[in-house]
Amino acid sequence: STQSTWGIPSHPRMCEAHEGLAGPSGPLEKNCSRCGHPAVAGLRPSLSFCRPCFDADFKRRAKLSFSQHGQVKRDEIVLIAYSGGPASSALLHCISAINSARARMNVQIVALHVDMRVASLVYPEHSAEWDQHLAQVTQIVAKHGIELVVVPLSVAFLQCSLPPEDSTGSSARTAISASVDEWMAADAHLRRFLSADVVKGQPTAREDLISLLVSSALSRAASLLGHGRVFSAETSTRVAVQALAAVCKGVGYRIPDITSPLIPRTDDVLFVRPFCDFLIKEIALYNRFNGVDCATPAISASAHPPSNRSINSICENLVAMLQQGFPATTHTIARTGSKLCVSREVAFLRCALCSGALDEYDLKQISGASSTIGTSSSSTSTSSSSSSS
């Protein structure tokens, strides 16, 4: 199986579940690290599990992550960003299983999916696959009996008033109240973004733009639907790749945001990442053991030849190769990045487009603009006082 993000696949070697599974002839030549029975899943040379112990350990860590970062309360509405990929499918299945086992929680789960069919402007050769991807997502969520909310990518540019607060919070709001003119304006703005010349022929710019638009769409949709948190399924593997790619792109100052389990997208929406300590290999094993269905990526992995790869795919290839020889590579990168922090003086200053941290150049530009505005204001007030005299 291939790790994918919103229908766009990543490096195929990043998620090889069979490397840690028992072979056709029988179990691995190791015993379970917990119960001593024959192991069927080898995560690391010193850590192997039988199937019951792997499932129990996975759900135990997931519950711990939910309690530490998610803090899900009783009768709460949990909004999950569902792309149809292995990680988001595992998150949807895991939260459903935990909620079923703990009936007293009575959590209402809502899957939020971004309709990516407009991305055919960027990937015109795969326009038909986006329709199939959306149909598969709808079928998978229906199997879980979970409510699905599909919002267009243009919601990222939708300008309309926020809904009134619901004092009861008994049911999830599943529709965004906006006029036809507001939707048309948002769609026109999105198409201008996707038709920009800088996106065409540059894989890195294209992938970063799609990722930015999806995050903005999820944040804006959650805000318009009246939710303050979105559960996202980024794994430790994805975090490590994003951290290395950020350094290669010259935006390494954003590593504290990339490695954090809690990401404030806007003033009223927080992204929660309960799988940030899980390897994508663990996700693949969980899906295989539990029969979790995943949607087929709209773009095949072979669509990106080596001569036209982005910085993101190259960094993912590097992490995958290092992980094979050094199993602690992914966690080392992610945990090293989590030790960094943003200065308190500039922590509240964020990019208006992506909500990311600002570098020294950006801060100097803001400081210079503020000084210019201040000087202009004082000059205007001095001229006014002189005229009045």
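Listing for the model above:
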| quantity | calculated |
| --- | --- |
| Residue ID - most open to solvent (accessible area, probe 1.4 Å), chosen from residues in the range 47-67 that are among the aliphatic types (A, V, I, L, M) and assigned to a helix (DSSP H, G or I) | Leu64 |
| Failed condition for Cys341, given (1) surrounded by fewer than 17 Cβ atoms within 10 Å (Cβ to Cβ); (2) part of a loop (DSSP other than H, G, I, E, B); (3) modelled with pLDDT under 65 | (3) |
| Breaking point among (1) at pLDDT below 90; (2) buried (at least 20 other Cβ atoms within 10 Å of the Cβ); (3) not in a helix (DSSP H, G or I), for Phe278 | (1) |
| Residues (at pLDDT 75 or above, of a type in the set (A, V, I, L, M) and open to solvent by 80 Å² or more (accessible area, probe 1.4 Å)) located in the range 123-182 | Val180 |
| Selection count, the range 88-100, where residues are aliphatic (A, V, I, L, M) and either closer than 14 Å to His113 by Cα or surrounded by fewer than 22 Cβ atoms within 10 Å (Cβ to Cβ) (or both) | 4 |
| Any pair with Cβ under 7 angstrom, 6 or more apart, that starts in the range 291-313 at a residue that is surrounded by 13 or more Cβ atoms within 10 Å (Cβ to Cβ) and ends at one that is among the β-branched types (Val, Ile, Thr) and modelled with pLDDT of 70 or more | Asp293/Ile140; Ala295/Val137; Ala295/Ile140; Ser310/Thr204; Ile311/Thr204; Asn312/Thr204; Asn312/Val241 |
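So that you can scan it fast, the table gives a plain yes or no per residue for (1) free of Cβ contacts under 8 Å to residues at least 12 places away in the same chain; (2) not polar (S, T, N, Q):
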| site | (1), (2) |
| --- | --- |
| Leu190 | no, yes |
| Ala205 | yes, yes |
| Ala217 | no, yes |
| Ser232 | no, no |
| Ser236 | no, no |
| Ala240 | no, yes |
| Thr266 | no, no |
| Val272 | no, yes |
| Ile283 | no, yes |
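The values are calculated or read from the model by the stated rules, or taken from the named source; none is laboratory data. Since the model is a prediction, treat every value here as computed from it, not as a measurement. Cβ: placed from backbone, ideal geometry, glycine included. Neighbour counts: every protein chain shown. The protein model used for the area step is the full one, side chains on, heavy atoms only, and it has no ligands, DNA or RNA in it. Shrake-Rupley method; radii C 1.70, N 1.55, O 1.52, S 1.80 Å.
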